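Report on one structure; see the data block that follows.
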Amino acid sequence: MRTYDFSPLYRSAIGFDRLAQLFNDAQRADAQPSYPPYNIELISEDKYRITMAVAGFDRSELEIETERSTLKITGRKQTEEGQRNFLHRGIAARDFEHSFQLADHLRVTGAQLDNGLLNIELVREVPEALKPRKILIDGTENLQLLDRKAA
């Protein structure tokens, strides 16, 4: 596997250290575990859905937390009372912790657990101050939102 040196990026770009760190983390083979399996779906231009297969977990055993630009999903199985004798155990019931790096202005709007699938809805909400603006030449208004141009 090839490795890339991002140290020139650290020397010449200011404020992009988070991006370089994401590249470094993506290169590591053990960066993200494969359990539980999940899908990331693009619903529309600014809406996303993460679907995670969490069969065997109850709502009380799952925790979803966002901090800054990280979404963390944790599953902690409660210990079962009594000893069970399995002839074959193919259903994984181990604890997990999975983290996703979220882009700027992306926030979680809801989560649902249905038929063993945890669906987490995300939406990108760009603040008005950061949206593109059109500058009119010799106009009465100096700034006009591009969205308002159509109206």
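The values are calculated or read from the model by the stated rules, or taken from the named source; none is laboratory data. From a predicted model like this one, the values you see are computed outputs, not experimental measurements. Positions of Cβ are backbone-derived with ideal geometry, glycine not excepted, and every protein chain shown enters the neighbour counts. For accessibility, only protein heavy atoms count, side chains too; no ligands or nucleic acids. Shrake-Rupley method; radii C 1.70, N 1.55, O 1.52, S 1.80 Å.
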Of the residues in the stretch 100-110, those that are assigned to a strand (DSSP E or B) and small (Gly, Ala, Ser) come to GLY110
In the stretch 34-50, residues that are buried (at least 16 other Cβ atoms within 10 Å of the Cβ), more than 11 Å from the chain's Cα centre (by Cα) and part of a strand (DSSP E or B) total 1
Of LEU113, LEU118, LEU122, LEU71, the only residue that is under 14 Å from TYR35 (Cα atoms), modelled with pLDDT of 85 or more and not in a loop (DSSP other than H, G, I, E, B) is LEU118
Of (1) surrounded by 11 or more Cβ atoms within 10 Å (Cβ to Cβ); (2) touching a Ser or Thr at 6+ places or on another chain (Cβ under 9 Å); (3) modelled with pLDDT under 90, ASP104 satisfies every one except (1)
Yes or no: the stretch 78-93 includes at least one residue that is within 23 Å of the chain's Cα centre (by Cα), at pLDDT below 90 and open to solvent by 80 Å² or more (accessible area, probe 1.4 Å). no
